[in-house]
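The values are calculated or read from the model by the stated rules, or taken from the named source; none is laboratory data. Model, not experiment: these values are computed from the prediction. Here the Cβ positions follow ideal geometry from the backbone for every residue, glycine too, while neighbour counts run over all protein chains shown.
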Amino acid sequence: MARRMLVYPIALVLLCGGASPVWAGLEICNDTEVPHDVAVGYKQDGRWVSEGWWALAPTACVEAIQGDLQYRFYYYHARSSGRGFQHDRLSFCTQPGIFTIGGDHDCELRRYNKTYFAKIDTGQGSLHFRQNLSVHSTPVDPKGDAKSGSAPGTWGRPFSGAAVFQECSQMFRGGVQFCRLVGGGRVFTVIEDNRTPPDVLAALRRMRQGTPVQLEGDWAGQFELSVELVLRSAAPKAPSEADAVLGRLQGSWSAENDSKDQFTIRGAERQNRYGGAPTSQEYLSVMPYCGEFEGAQLYLYAWDREGGTGMCYEIREVTESQLQLVYLPRRTELRYIRQE
């Protein structure tokens, strides 16, 4: 296993010959003023592994991965009272005590906690890399003001845009609650971590699935098509033409030429089925463009919830009983009938 539990103060490294350690590997250093617990995630022998927790006092470091770094990307999570962790929506399994867990799937089913980690980019061909905790660990105000994102740009790039409300999670063991919205070909996640004011989160929880929403906040992080938002406000807005079309798409449909090919749309999410058996789940956005395609009509963009390749459809017709799509770029015509 490419890891050894070596914890040492930053000052010791400086006294022993400069800021660059003589060994290779990944070290994580606590450059904040408060203690942290740290866990890492990485790939070993073709499978994902997560390990923790190391207790890091201020100025201390841990050599989390020993030896030359075989991969460019590694992952970590740090927790501390009064601090928020700005992760990249990349989940690994953890547990309260010291752990080594193989696999990053079905954490709750395996009686672990599902915890979101941040990505560490060590660079191409690096043998050694140091990650400071202050990059992702930031102070939060328990009252939800001051540092809770009231000023644009506090938590990232200022953002203003529209989306469709999808859901707010139920509390799960060892995790935090979050709300999810979909718009413009992206999934926006708002986490209950004291950065978004409680009244804004409460407003989201009162919304019905499929409600068009105007968002104001900070773009705090992104991984592929998933964006973490810290909100200042979230208010229902008048439906656009695209919102109205998405509204007409709600419900269950079956293919005209194969009744076993079915899907159900709820809000901005589609559950596909074949012969009654669930297959893939997709997020949906109705937009005036889709990739290189743009024209007078609206387009449906669908992408897999697990981060798969997105697909573009031209929306030809959607009525109370019929749906006609054109799959691009092949221009394959698809017809569906609404199920009773």
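For region 80-116, the candidate set comprises residues that are part of a strand (DSSP E or B), at pLDDT 90 or above and of a type in the set (Phe, Trp, Tyr); within that set, the residue that is farthest from Gly67 (Cα to Cα) is Phe92. Of the strands (runs of 3 or more DSSP E) lying entirely inside region 214-302, those carrying at least 3 residues that are touching a Ser or Thr at 6+ places or on another chain (Cβ under 8 Å) are 226-236, 251-255, 258-266, 269-274. The set of residues in region 128-164 being modelled with pLDDT of 85 or more, surrounded by 13 or more Cβ atoms within 10 Å (Cβ to Cβ) and assigned to a strand (DSSP E or B) consists of His128, Phe129, Arg130, Gln131, Asn132, Ser137, Pro158, Phe159, Gly161, Ala162, Ala163, Val164. Across region 25-40, not a single residue is classified as surrounded by 12 or more Cβ atoms within 10 Å (Cβ to Cβ), at pLDDT below 90 and either under 23 Å from the mean Cα position of the chain (by Cα) or among the hydrophobic types (A, V, I, L, M, F, W, C) (or both). No other residue among Arg206, Arg186, Arg232, Arg195 is outside the structural domain of Arg79 (by TED's automatic domain parsing) and free of Cβ contacts under 8 Å to residues at least 12 places away in the same chain apart from Arg206. Right, Leu181: of a type outside the set (Asp, Glu), part of a helix (DSSP H, G or I) and in contact with a Phe, Trp or Tyr (Cβ under 7 Å, 6 or more places away or on another chain) or not? Against the criterion (of a type outside the set (Asp, Glu), part of a helix (DSSP H, G or I) and in contact with a Phe, Trp or Tyr (Cβ under 7 Å, 6 or more places away or on another chain)), Leu181 does not qualify.
May I ask you to verify whether Thr309 is of a type in the set (S, T, N, Q) and within 13 Å of Leu249 (Cβ to Cβ)? Talk me through it step by step, then tell me what you get.
Numbers: of a type in the set (S, T, N, Q): yes; within 13 Å of Leu249 (Cβ to Cβ): no.
Criteria not met by Thr309.
Pro278 falls short of the stated requirement of being over 24 Å from Tyr116 (Cα atoms) and touching a helix residue (DSSP H, G or I) at 6+ places or on another chain (Cβ under 7 Å).
Could you list, in sequence order, the residues of region 74-94 that are in contact with a Gly (Cβ under 8 Å, 6 or more places away or on another chain) and more than 17 Å from Asp31 (Cβ to Cβ)? Selection gives Tyr74, Tyr75, His87, Asp88, Arg89, Leu90, Phe92, Cys93, Thr94.
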